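Below: the structure, in structure tokens.
The values are calculated or read from the model by the stated rules, or taken from the named source; none is laboratory data. None of the values given here were measured: they were computed from a predicted structure. Positions of Cβ are backbone-derived with ideal geometry, glycine not excepted, and every protein chain shown enters the neighbour counts.
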Amino acid sequence: MKILALDSSTPQGSVALLENDRILSQLSLQTDTYSRPLMGLLDELLAGARTRLDALDGFALTSGPGSFTGLRVGMSLMKGLILATEKPFVGVGTLEAIAACTQTGDRPVCSVLDARKKEVYCARFKWENGFLSRISEDSALSPEALCRQIAESTLFVGSGLNTYGDFFSATLKEKYSPAPLKVNMTVAAGCGWLAHSKFEQKKCFDLDSLIINYVRKSEAETKFASAIN
């Protein structure tokens, strides 16, 4: 089974081609500007792997939380690919895809993205028999609030550590450790790996079911709600 996976929710977007649970090829953006660069990256990936869209069995996409603009661009691109090929797809939570990029172990894994406004998008997972299971739901929290939820030694992963890693280390002390990562595994590859394990049960053709998990409202929505209240 060949799956094309796409992530546009994190600062460094990526695309990956997997056959079953094996990564055939993967590429990352060198900029956080999406749209045309993301489409170019996809073309480069398929050309390098000598694979056509009609040879794929399906698609996978990170569905958030993350960059509002990136998520919308990725969703639009994915819908176009699905319409063009009539192939099934699976949506995968961004924080779960990030956690999938870590090496298996016996400690919980906390995925963290910078959500701006002095908050992080976060969720905790654990490895069980080579599979990820969820400990907590996706949330947008202050770094302080997240630290109050950490009661045991936890591995942290995600680009949010670029902003808050020092704070977590100083606050959580021995309960904080950066997670060991699988070698050169992009978030898109983590998404595709997870999608493969659940593809037969979760695959879908209904584009209306392909929705973005924003976790919190955009600034524009918040201002509009305030204006009408």
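So how many residues does the range 124-165 have that are exposed (fewer than 14 other Cβ atoms within 10 Å of the Cβ) and under 13 Å from Leu113 (Cβ atoms)?
1
Regarding Leu83, is this residue under 24 Å from Phe59 (Cα atoms), surrounded by fewer than 21 Cβ atoms within 10 Å (Cβ to Cβ) and more than 19 Å from the chain's Cα centre (by Cα)?
Values: under 24 Å from Phe59 (Cα atoms): yes; surrounded by fewer than 21 Cβ atoms within 10 Å (Cβ to Cβ): yes; more than 19 Å from the chain's Cα centre (by Cα): yes.
Against the criterion (under 24 Å from Phe59 (Cα atoms), surrounded by fewer than 21 Cβ atoms within 10 Å (Cβ to Cβ) and more than 19 Å from the chain's Cα centre (by Cα)), Leu83 qualifies.
Given (1) modelled with pLDDT under 95; (2) touching a Cys at 6+ places or on another chain (Cβ under 9 Å); (3) not small (Gly, Ala, Ser), where does Val73 come up short, assuming only one miss?
(2)
If you scan the range 166-195, which residues turn out to be part of a helix (DSSP H, G or I), crowded, with 22+ Cβ neighbours inside 10 Å and either of a type outside the set (A, V, I, L, M, F, W, C) or at positive phi (or both)?
Within the range 166-195, Gly190, Gly192 qualify.
Just wondering, is there one or more residues in the range 16-24 that are out of contact with any Cys (no Cβ under 8 Å at 6 or more places or on another chain), farther than 14 Å from Ala189 by Cβ and modelled with pLDDT under 95? Don't jump to the end; show me each part of the working.
So in the range 16-24, the residues out of contact with any Cys (no Cβ under 8 Å at 6 or more places or on another chain) come out as 17-24.
Pick out the ones that are also farther than 14 Å from Ala189 by Cβ and you get none.
No.
Give the residues of the range 84-122 that are closer than 18 Å to Glu137 by Cα, of a type outside the set (Asp, Glu) and in a strand (DSSP E or B), sorted by residue number. Let's see the steps before the verdict.
Kept after step one, since they are closer than 18 Å to Glu137 by Cα, are these residues of the range 84-122: 91-100, 107-115, 119-122.
Next, from what is left, pick out any that are of a type outside the set (Asp, Glu): 91-95, 97-100, 107-113, 115, 120-122.
Result: Gly91, Val92, Val109, Cys110, Ser111, Val112, Leu113, Ala115, Val120, Tyr121, Cys122.
Taking the range 78-92 on its own, how many of its residues are closer than 19 Å to Gly190 by Cα and of a type outside the set (Gly, Ala, Ser)? If you could, list the steps in order and put the result at the bottom.
To start, the set of residues in the range 78-92 that are closer than 19 Å to Gly190 by Cα comprises 78, 88-92.
Now restrict to residues that are of a type outside the set (Gly, Ala, Ser): 78, 88-90, 92.
Result for the range 78-92: 5.
Please pick out the residue among Val15, Val73 that is outside any loop (DSSP other than H, G, I, E, B), touching a helix residue (DSSP H, G or I) at 6+ places or on another chain (Cβ under 7 Å) and either under 25 Å from Ala140 (Cβ atoms) or of a type in the set (Gly, Ala, Ser) (or both).
Details: Val15 fails: either under 25 Å from Ala140 (Cβ atoms) or of a type in the set (Gly, Ala, Ser) (or both).
After applying the criteria, what remains is Val73.
Which one of Ala47, Ala99, Ala123 is farther than 25 Å from Ala151 by Cα, of a type in the set (Gly, Ala, Ser) and either touching a residue at least 24 places away in the same chain (Cβ under 8 Å) or assigned by TED's automatic domain parsing to the domain that holds Leu207 (or both)? Let's see the steps before the verdict.
On the way: Ala99 fails: farther than 25 Å from Ala151 by Cα; Ala123 fails: farther than 25 Å from Ala151 by Cα.
From the options Ala47, Ala99, Ala123, the qualifying one is Ala47.
Could you tell me whether Ser111 is of a type in the set (S, T, N, Q) and in contact with a Leu (Cβ under 9 Å, 6 or more places away or on another chain)?
Values: of a type in the set (S, T, N, Q): yes; in contact with a Leu (Cβ under 9 Å, 6 or more places away or on another chain): yes.
Considered against the rule, which asks whether it is of a type in the set (S, T, N, Q) and in contact with a Leu (Cβ under 9 Å, 6 or more places away or on another chain), Ser111 comes out as yes.
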